[in-house]
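For reference, the structure is listed below as structure tokens.
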Amino acid sequence: MSNEVLKALAQAVERHSATNKVSSTPIPELKLSCFSAPTELTSLVYEPCLCIIAQGAKEVLLAGESYQMDPAQFLLVSVDLPVDARVVQATPDTPYLGLQISLDPRVVGELLADGSEVTTPGPSERGLAVTTVESHLLTSLTRLVDLLDTPRDIRPLAPLILREITYRVLTGPQGLRLRQIALAGAPAYRIARAIRWLKDHFADPLRIESLADHVGMSNSAFHQHFKNVTAMTPLQYQKRMRLQEARNLMLSEKLEAAEAAFRVGYESPSQFSREYRRMFGAPPRQDVATLSTDYSAEF
């Protein structure tokens with residue numbers, strides 16, 4: 001791993017990001033983060049993506065599992081996952097610098113169709129992992145961020161570099177996690193379909209048998225592989241999605257707790273308040289009062 005390449009990536013991220021926030025960029029798939037101090041735990045939903053640390057450190061929690069990230073490491077997220085995250089190492093002189101790159105499942109499928117490391121379906125893997133960035137991938141990431149210095153090059157070159165980044169992940173040590181969700185017939189592929197359904201219908205009543213049948217799995221296999229991928233049961237996943245969306249609604253639309261609870265599928269406001277307090281550590285009104293509207297930064 002080249003320290004010079006990593007230093008250049010950190011400089012590029014700092015050059016194009018605003019302090020203490022997540023910055024969108026002219027490359028829609030790319031977001032940059034810069035924080036001058038550690039942050040509190042933030043609840044968010046990661047869609048399939050890469051999160052890379054150029055400077056500083058952060059922690060991601062998935063259903064109580066802790067994933068620590070240091071410079072030159074990346075977090076691979078292969079399915080939609082509700083997590084908690086926080087910056088744990090940052091100062092004004094040496095801020096936390098990170099980047100997040102969305103992964104397009106269609107590109108994954110195209111690369112697999114081209115014969116890029118096609119693998120026989122096996123046991124489902126966790127949909128989240130931390131590993132060291134290999135030199136080829138780090139170089140590709142740096143070239144992507146460097147495009148921000150030459151805006152005219154973004155449209156013709158960014159899709160090519162993003163495709164290269166996806167290829168590097170597919171053929172790297174964590175490629176199996178990404179390949180499995182695109183291999184028709186693999187258990188993780190079926191679970192990814194179920195997760196997409198849950199994300200789109202989290203306010204609807206959940207019938208496990210119907211969802212398992214929808215993705216072509218037995219109830220027992222569905223429960224086993226769902227927990228392998230997400231570290232949660234389907235009901236726990238739905239509850240987490242509901243509570244995080246309710247929190248978003250109370251912050252962004254200024255809804256009262258009872259209205260937010262109804263919007264995300266709860267019939268009992270008291271049950272909603274109990275489960276909300278259990279997850280976030282405070283009743284809805286008190287919790288929302290302490291949060292700013294940009295709390296959900298996806299650093």
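The values are calculated or read from the model by the stated rules, or taken from the named source; none is laboratory data. Here the structure is a predicted model, which means the values were calculated and not measured. Positions of Cβ are backbone-derived with ideal geometry, glycine not excepted, and every protein chain shown enters the neighbour counts.
A few remarks follow.
- Subset of the range 2-21 [of a type in the set (A, V, I, L, M, F, W, C) and out of contact with any Leu (no Cβ under 7 Å at 6 or more places or on another chain)]: Ala8, Ala12, Ala18
- Selection status of Tyr266, surrounded by 20 or more Cβ atoms within 10 Å (Cβ to Cβ), outside the structural domain of Ser33 (by TED's automatic domain parsing) and assigned to a loop (DSSP other than H, G, I, E, B): yes
- Test set (1) of a type in the set (Val, Ile, Thr); (2) surrounded by 15 or more Cβ atoms within 10 Å (Cβ to Cβ); (3) without any contact (Cβ under 8 Å) to a residue 12 or more places away in the chain - Thr233 fails condition number: (2)
- Residues of the range 158-177 classified as more than 18 Å from the chain's Cα centre (by Cα) and either part of a helix (DSSP H, G or I) or not assigned by TED's automatic domain parsing to the domain that holds Asp114 (or both), total: 8
- Search result, residues across the range 131-156 that are surrounded by fewer than 17 Cβ atoms within 10 Å (Cβ to Cβ) and either outside the structural domain of His16 (by TED's automatic domain parsing) or part of a loop (DSSP other than H, G, I, E, B) (or both): Thr150
- Selection from the range 38-76 of residues that are part of a strand (DSSP E or B), in contact with a helix residue (DSSP H, G or I) (Cβ under 9 Å, 6 or more places away or on another chain) and closer than 15 Å to Arg177 by Cβ: Leu50, Leu62, Phe74, Leu76
- Filtering the range 77-100 to residues that are farther than 20 Å from Phe226 by Cβ, touching a Phe, Trp or Tyr at 6+ places or on another chain (Cβ under 9 Å) and in a strand (DSSP E or B) leaves Ala85, Arg86, Val87, Val88, Gln89, Tyr96, Leu97, Gly98, Gln100.
- Subset of the range 209-220 [in a helix (DSSP H, G or I) and loosely packed, with under 15 Cβ neighbours inside 10 Å]: Glu209, Ser210, Asp213, His214, Asn219, Ser220
One line per residue, one yes/no per condition, for (1) surrounded by fewer than 21 Cβ atoms within 10 Å (Cβ to Cβ); (2) more than 24 Å from Pro38 (Cα to Cα); (3) at pLDDT 95 or above:
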residue: Lys239; (1), (2), (3): no, yes, yes
residue: Asn248; (1), (2), (3): yes, no, no
residue: Ser273; (1), (2), (3): yes, yes, yes
residue: Leu291; (1), (2), (3): yes, no, no
residue: Ser296; (1), (2), (3): yes, no, no
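- Scanning the range 11-42 for residues that are aliphatic (A, V, I, L, M), closer than 20 Å to Val60 by Cβ and surrounded by 16 or more Cβ atoms within 10 Å (Cβ to Cβ) yields Val13, Val22, Leu30, Leu32.
- Residues located in the range 17-37, provided they are of a type in the set (S, T, N, Q) and not in a loop (DSSP other than H, G, I, E, B): Ser23, Ser24, Ser33
- Selection status of Ala192, part of a helix (DSSP H, G or I), in contact (Cβ under 8 Å) with a residue 24 or more places away in the chain and of a type in the set (Gly, Ala, Ser): yes
- The range 83-98 residues that are within 30 Å of Met241 (Cβ to Cβ) and surrounded by fewer than 23 Cβ atoms within 10 Å (Cβ to Cβ), paired with ones that are hydrophobic (A, V, I, L, M, F, W, C) and at pLDDT below 95 (beta carbon under 6 Å, 6 or more apart): Asp84/Leu41; Arg86/Leu41
- Residue match in the range 180-187 (condition: closer than 20 Å to Glu47 by Cα, outside any loop (DSSP other than H, G, I, E, B) and of a type in the set (A, V, I, L, M)): no
- Flag for Ser124 being under 24 Å from Gln224 (Cβ atoms), among the small types (Gly, Ala, Ser) and in contact with a helix residue (DSSP H, G or I) (Cβ under 9 Å, 6 or more places away or on another chain): yes
- Taking the listed residues Arg126, Arg155, the one that is of a type in the set (D, E, K, R) and within 22 Å of the chain's Cα centre (by Cα) is Arg126, with no other qualifying.
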